[in-house]
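Student: Pasting a structure here, questions to come.
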Amino acid sequence: MKSHKDLTVYKTSIDLVIDVYKTSRNFPEAEKFGLTSQIRRAAVSIPSNIAEGAARNSKKDFIRFLYIALGSLAETETQLELAVRLEFINPNNEIEEKIIYIRRMILNLIKSLKE
């Protein structure tokens, strides 16, 4: 790996951030500093932690940051579910599938780094 930018999981998580930003545009104005801000921060945290972990000098650090990215992914997923239940957005299977795919890739990357 030359750079974190070479990782499919990084590229896909960047795509997820774009999806979250586009989706959260439809949230009520009253949520600008609430759920809108929180969901965007959580989504941005996913590729950010992948990048930061990849830049570290040890597999142990990279794994630690991948677990943080996994937590941010779960947070994003939860906040999207809240947005659906609050009827800010409709369920989006494409985003849900992307989340599942990213989770699988992060877990597989962790597994390969541990071997």
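The values are calculated or read from the model by the stated rules, or taken from the named source; none is laboratory data. The shown structure was predicted, so the numbers you read here are calculated from the model rather than taken from an experiment. Backbone-built Cβ (ideal geometry, glycine too); neighbour counts: all protein chains shown. Just the protein is used for accessible areas: all its heavy atoms, side chains included, with ligands, DNA and RNA removed. Shrake-Rupley method; radii C 1.70, N 1.55, O 1.52, S 1.80 Å.
Student: Does the stretch 71-88 hold any residues that are polar (S, T, N, Q) and touching a residue at least 60 places away in the same chain (Cβ under 8 Å), and which are they?
Tutor: Within the stretch 71-88, just T76 meets the criteria.
Student: Mind checking which residues of the stretch 20-39 are crowded, with 18+ Cβ neighbours inside 10 Å and either among the acidic types (D, E) or not in a loop (DSSP other than H, G, I, E, B) (or both)?
Tutor: If the condition is that a residue be crowded, with 18+ Cβ neighbours inside 10 Å and either among the acidic types (D, E) or not in a loop (DSSP other than H, G, I, E, B) (or both), then V20, T23, S24, L35, T36, I39 are the ones that fit.
Student: Here's a follow-up. Is there any pair with a first residue in the stretch 89-113 that is closer than 16 Å to L70 by Cα and a second that is open to solvent by 40 Å² or more (accessible area, probe 1.4 Å) whose Cβ atoms are under 7 Å apart and which are 6 or more apart or on different chains, and what are they?
Tutor: K98/D15; I99/E77; M105/T8; L113/K59
Student: Separate question: Filter the stretch 81-100 down to residues that are under 12 Å from the mean Cα position of the chain (by Cα) and surrounded by fewer than 16 Cβ atoms within 10 Å (Cβ to Cβ), then give me how many there are.
Tutor: 2
Student: Which one of these does V44 not meet: (1) modelled with pLDDT under 95; (2) crowded, with 18+ Cβ neighbours inside 10 Å?
Tutor: (1)
Student: Restricting attention to the stretch 1-19, which residues are part of a helix (DSSP H, G or I) and farther than 21 Å from G71 by Cα? Let's see the steps before the verdict.
Tutor: Going residue by residue through the stretch 1-19, those that are part of a helix (DSSP H, G or I) are 4-6, 8-19.
Passing the criteria: only D6.
Student: Give the stretch 49-80 a look and list any residue that's within 22 Å of T12 (Cβ to Cβ), in a helix (DSSP H, G or I) and open to solvent by 60 Å² or more (accessible area, probe 1.4 Å), or say none.
Tutor: Result: E52, A55, K59, R64, Y67, I68, E75, E77, T78.
Student: Look through the stretch 101-115, keep the residues that are more than 15 Å from the chain's Cα centre (by Cα) and either in a loop (DSSP other than H, G, I, E, B) or of a type in the set (D, E, K, R) (or both), and return whichever of them is nearest to L7 (Cα to Cα).
Tutor: K111
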